[in-house]
Amino acid sequence: MNRTDGRSAKPSATAVRSAAPGRTTWLPRGRGIGWFAAAGLVNAVGTGFFYPYQLLFFPAVTGLRLTTVGTCLTVAALVVLPLVFQTGRVVDRIGTRPVLLAAALLRAAAFVGYLEVRDVVSFTVLAMLVALCQRAEQTSMPVLAAKAAPEGQVARWLALTKVTFNAGIGLGGLIAGTVLATVHSRTGFVVVGLVNAASFAITALLYLPLPTARRTPGQPQAPRRARPWHNHLFLRAAVANFVLLTVIVAVEAALPVYLITVLHDPSWLIGLLFAVNTTVIVLLQLPVAARIQDRAPLPVIIVGVALHAALLIALGLAGHLPRGPQLALLIGGMAIYTFGELLATQSLAVVIVALSPQAERGAYQAFNQVLVGVSLALVPALIALFLAHAAQALWWVLTTTTALVVADMLAFSHRSGAALTQTLSDRKAAQ
């Protein structure tokens, strides 16, 4: 990526490899990368500290019933989705850093507020604020990475966000579990809320040294009403990402319930499978991103999506196997599934960013986040319906879904693969 802000360009990845052949070359580099990683990690630790226990946290600190809490959270997530488009336009207008700072500070304030609210309206308003800020952060980070990363490093910066997110979520959940095991009753959940608020405040401080991605002199002004859905190539990639994310969210939501209530497996198996998933992502995300960044993205996406079926088929067959073979099948299926996740989600993330016009990246990423928000809001209800009435059929439905995505990407590659490659090449040359 050629710099347009007056600073001298950093050496390319190829040049660095030539200068230091013995050095690890898959680690991301660039000005601000340490702050970028630290902010992502602390933010994820805060989220992991709270997210696994949210349906216990809210009733404990607010006094509201569990069903009321669940309904309010779903309503809040859906209501703010139209506002996400506006956050994307704000990012394009004023830059990423102010948006990230505001989102982190508002989330910190909201978690302090949760400890004081006792009524449905106040709780829903705070939940809407948190949901909007979360989508604003997810909109801003890819835009920041695309602008701030040196030439050849954008994919690795994007991969780093996945590494810090997964590592932080796991660490945060572990710490929160320790706190709640030590401090019982409402007091323990109050500690969770305060620590979570503190983590977002620290994240805001870590955002301060980051470069800000904003319109630079000579860059064309973004149109007043960007319409990402009119960009055929971008829309095709965003929809594929939406469907794949739906599969991933469905697995995360349904796996624990299915293993315990349907297969009657021990609870430690849930932790083991998610540990396999987290470990593979943390250890392999960056090396895999480095290996595939110069490859044509559609074949990588196709292979990655196809590998998701390994775990889905394993879960569909697991009920017919003895415990030993079942355990081996599920662990192997999770490892293959996670490797496929590395390939497909990384390539889709890079394509979605690369297909976003530079002056409209915020709006394009916001549109992608609307699709993400729809998936996160609706999938749990659909999964609950399947688990209540046709639990085993869920895995075959998800397997069919991945097969349809593979078929769609094959058709996309056949009809538009050359156009996609040319567009990505032109965008890269223009940056």
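The values are calculated or read from the model by the stated rules, or taken from the named source; none is laboratory data. Since the model is a prediction, treat every value here as computed from it, not as a measurement. As a convention, Cβ positions derive from the backbone with ideal geometry for all residues, glycine included, and neighbour counts pool all protein chains shown. Accessible surface is based on the protein model in full, side chains and every heavy atom, while ligands, DNA and RNA are left aside. Shrake-Rupley method; radii C 1.70, N 1.55, O 1.52, S 1.80 Å.
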May I ask you to give the percent of accessible area on the chain that is carbon plus sulfur, with a probe radius of 1.4 Å? 68
Between Leu56 and Ala418, take the C-beta separation as r, use R0 = 41 Å, and let me know the FRET efficiency to the nearest 0.05. 0.20
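How many times 2.2 N^0.38 Å is the alpha carbon radius of gyration of region 251-388? Mind showing how you got there, number by number?
Numbers: Rg = 17.2 Å, N = 138, 2.2 N^0.38 = 14.3 Å.
Relative to the rule-of-thumb radius for its length, region 251-388 sits at 1.20.
Using a 1.4 Å probe, what is the accessible area per residue for the chain, in Å²?
44
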Tell me which label goes with the value of Cα extents along the principal axes in Å computed from the coordinates here: (i) 91, 72, 44; (ii) 64, 49, 42; (iii) 57, 50, 45. (iii)
Using only DSSP helix segments of four residues or longer, with each worth -39500 (n - 2.57), what per-residue ellipticity at 222 nm results for the chain after dividing by its residue count and rounding to 500? -27500 deg cm²/dmol
Between rounded, prolate and oblate, where does region 85-195 land on the alpha carbon gyration tensor, with a ≥ b ≥ c its root eigenvalues, rounded for a/c under 1.5, else prolate if a/b exceeds b/c? oblate
Ser267 accessible area, assembled protein chains, probe 1.4 Å, Å²: 90
